[in-house]
1. Under the rule a/c < 1.5 gives rounded, and otherwise a/b versus b/c splits prolate from oblate, where does the range 48-156 land using the Cα gyration tensor?
2. Order Y148, Y111 by their accessible area, 1.4 angstrom probe, all chains in place, largest first.
3. Rounded if a/c is under 1.5, else prolate if a/b beats b/c, else oblate: with a ≥ b ≥ c from the C-alpha gyration tensor eigenvalues square-rooted, which is the range 184-244?
4. What number comes out for accessible area per residue over the range 43-154 if the probe is 1.4 Å? Units Å², please.
5. Just check the range 89-239 against the gyration tensor rule for me: Cα atoms, a ≥ b ≥ c as the square roots of the eigenvalues, rounded for a/c under 1.5, and otherwise prolate or oblate depending on whether a/b exceeds b/c.
6. With a 1.4 Å probe and all protein chains kept in place, how much accessible area does I191 have, in Å² rounded to the nearest 10?
7. Under 5 Å between amide H atoms, partner at least 5 residues away or on a different chain: which partners does G156 have, H built in plane at 1.01 Å?
8. With θ set to phi - 60°, apply the Karplus curve 6.51 cos²θ - 1.76 cosθ + 1.60 along the range 185-198 and write out the HN-Hα couplings as whole Hz, x wherever there is a Gly or Pro.
Amino acid sequence: LALFIKMNLLFNWDIFIDVTAPILICLMHNNPNSPSAATVSQACVPAPGSIRIGPFMGIPKVLQQLGHDPRPVLRRVGLSLKSMSNPDMTVPFAKIGRLLSACAVVSDRPYFGLLVGQQVPTSALGVLGYTIQNATDVDTALSNLIRYRGLNDRGGFITLGRDGAMARLQYSIIEQDVTGADQLNDCAVAIGCNILRGLCGPKWTPIEVLLAHDRPEDRAPFDKFFRCPVRFNAVYSGLLFNRRWLEKAPPGADPL
């Protein structure tokens, strides 16, 4: 029976996560080296088409830094400051897209998604972030990010490609015509860059960043954060980097 279940779940990670996440959470709850009991006990798996609030908790702060009250913008999409303060709350993926899009308009910052994503640490991914930070090497960390991304995000998917000496970390939105897709992609690629800087060191830079939207009038924020060539109107959104980084052991990681 166990073999039958394993074979049937092998190619559907969303279902696999639904089944195994409670077990993982219980195991970590009993591990003295795991995150706090409060953090673990609140962990949950987003429903299909939903996303965890954790990576987006900084949205109100970014709006305030730009001189805007976040409360009216949040109310416009059916959220509140209270809901944005719970990292493990899950909301429809499309709602976050609408929120980022509204924030970009209110703040007159077409790159608002980038501003949010560049402030997101790996720890904002909760249980998954903890696992990534303690992987034996970068390849394993990214494999876990891809395999268990559903613990945070079930509105997009992540792939890691290898082509000769190059590696490609790519983010794609599942549904077409999602409001704020450009903002979501910018945010996701910035988070991916932060994850790799956490694994490889703060001075790490991609060889190239690709973004699947039109070139903005002001590209300076992109150049400043990524510190490498940024190509707009690309076929996909993602990061290109040297494949040798996949072999690196993250600093301070505890694989056990």
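1. prolate
2. Ranked list, largest accessible area first: Y148, Y111.
3. prolate
4. 39 Å²
5. Since a/c reaches 1.5 but b/c is at least a/b, the shape of the range 89-239 is classed as oblate.
6. 20 Å²
7. Here the answer is I174, since their amide H atoms fall under 5 Å of that of G156.
8. Here the 3J(HN,Hα) series is 5, 4, 5, 5, 5, 5, 4, x, 5, 5, 4, 5, 5, x Hz.
The values are calculated or read from the model by the stated rules, or taken from the named source; none is laboratory data. Values in this document were obtained by computation on a predicted structure and should not be read as measured data. Methodologically, a virtual Cβ is constructed for each residue, glycine included, from the backbone with ideal geometry; neighbour enumeration extends over all protein chains shown. Quick note on the areas: whole protein, heavy atoms, side chains included, nothing else; ligands and nucleic acids left out. Shrake-Rupley method; radii C 1.70, N 1.55, O 1.52, S 1.80 Å.
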